[in-house]
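The values are calculated or read from the model by the stated rules, or taken from the named source; none is laboratory data. From a predicted model like this one, the values you see are computed outputs, not experimental measurements. Please note: Cβ atoms are built from the backbone with ideal geometry, for glycine as well, and neighbour counts cover all protein chains shown.
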Amino acid sequence: RAAERLCTYVLRDLRGPDGGFYSAQDADSVSENGAYAEGAYYTWTPDDLGDASQSSAFLTKLFEVSATGDLDGSSVLNWGDDPGNLADEMGITEAAFYAGLDPLLDELLAARASRPPPAPDEKILMAWNGVMIATLAEAAQVFERPDYLAAAEKAARLVLDQMQSDQGFIRVYFDGKASIPAQLPDYAGFGLALLALHDFSPVTEDRAYWLAQARQQADYIRALFGDPQEGYRMNVNPEGIGTIIPVDDTEISSGNAMALALFSGLAKRLPAPELALDATRLAGALSGLGLDIPEQRAAILQASQELQFGETGPVRFVSGGAVRVEFVSEPGGNMFRLNMSIKEGWHINAHEPLEDYFIPMELLIDEQPVAKAAYPKATVKPLGFNPLPLALYEGDISLTGQAQPGTFATLILQACSDEICLQPEELSFYNW
């Protein structure tokens, strides 16, 4: 719920007409007396709530709004207590609590629309847009909101069409003009955004396009920002007092952490051994730095772990990109579905592959195997490296399982082509 409301806010108030996302929204705006005041758009008095809603007494208590306030006599809306506790006090479920609250919040939003809005900072930053694009792409899949994906794609095309020059990408786009050469976080952050569009796009042809664009960002990083064994520098050309190697997380993850995540992600989706090698070299340069100050460099640790142990999230790619696995479940529900897309020319060994030396596909719920009935019907056919018939899965298949919230679903699979079989792989998904 909070994530959806946040996406709604960004799309409503921080998106330009060309689809790019603005940097910020001011804290100051014109108050009732005509002067600029901090928080004038965002804060409330008891009288404001009374004018906006017939449920003002409830809202006043809920958000601890007082006559004295906490900013020049007005109050910032804050929870007075945990929503779960408030629901218990009212004798209703938390879901029912929110169902009653959201229409009241809509009333406040409508009332606030009469206030002069704060001005947005209309600079469109490449790296920050990358983070928002990736967020919307994943949210589109989680919440089944194709409008989120459309917004993410539009923003990505703005960057590709308007923020690119013959020398590379441009960091800032403002008033129809691009300026300032892109830095490491811009290339890496936007590369991860393109990777997310590839992962969550429902259209196979679009996935190939976004993946190629993500690969281009990685190629720029490798060509422009130095040696992975030393950590990539912030700028194309060192400036000022010397070379800066960005490793600390700020508003977004550090440039080197995002570069590592990008290289690792591409190596899992493409036959790109050079990216896998550079990812390993970069991880070697960064891992000790991440452990030195983990609270400031958490993104390095996360990217290093994903390189070594595999990714998390609802969509995974394995077998060098030959197999896409998507975990779909309802939050708090008992049923889930694993959707697998297998690239043409490849297959997965079936649950009973008919040959003992092939690794069968297996689904475990908290380490317990599921019943045979959960597996789809296999195709039986001989392959080039084995004249005997084999049971296998090709194309698109699905497995449906049942698991209590808080349990792990583990999928074991071995992908093969008509010539070779790859090492077996294991994927674990957490059912929330």
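Of note:
- Residues of region 228-265 satisfying the condition of being free of Cβ contacts under 8 Å to residues at least 40 places away in the same chain and either more than 21 Å from GLN305 (Cα to Cα) or of a type in the set (Gly, Ala, Ser) (or both): ASN237, PRO238, GLU239, GLY240, ILE241, GLY242, THR243, ILE244
- Hits in region 25-77 - residues which are outside any loop (DSSP other than H, G, I, E, B), in contact with a Gly (Cβ under 7 Å, 6 or more places away or on another chain) and more than 24 Å from PHE97 (Cβ to Cβ): LEU71, SER74
- Answer residue from region 113-129, given it is modelled with pLDDT of 95 or more and among the charged types (D, E, K, R) and is nearest to ALA37 (Cα to Cα) among those: ASP121
- Residue among PRO331, PRO353 that is more than 16 Å from GLU426 (Cβ to Cβ), in a loop (DSSP other than H, G, I, E, B), touching a residue at least 40 places away in the same chain (Cβ under 8 Å) and assigned by TED's automatic domain parsing to the domain that holds THR379: PRO331
- The condition of being in a loop (DSSP other than H, G, I, E, B) and at pLDDT below 95 does not hold for GLU295.
- Positions within region 194-248 being hydrophobic (A, V, I, L, M, F, W, C), within 30 Å of GLN141 (Cα to Cα) and surrounded by 14 or more Cβ atoms within 10 Å (Cβ to Cβ), in sequence order: LEU194, LEU195, ALA196, LEU197, PHE200, TRP210, LEU211, ALA214, ALA218, ILE221
- Of the candidates ARG215, ARG281, ARG269, ARG207, the single residue that is assigned by TED's automatic domain parsing to the domain that holds VAL159, over 17 Å from PHE317 (Cβ atoms) and basic (Lys, Arg) is ARG281.
- Any chance VAL380 is over 21 Å from THR312 (Cα atoms), among the β-branched types (Val, Ile, Thr) and exposed (fewer than 15 other Cβ atoms within 10 Å of the Cβ): yes
- Pairs meeting the criteria (first residue in region 7-28 and free of Cβ contacts under 8 Å to residues at least 60 places away in the same chain, second residue of a type outside the set (D, E, K, R), beta carbons under 9 Å, at least 6 apart or on different chains) are lacking.
- Among the residues of region 163-171, not a single one is free of Cβ contacts under 8 Å to residues at least 60 places away in the same chain, part of a helix (DSSP H, G or I) and among the small types (Gly, Ala, Ser).
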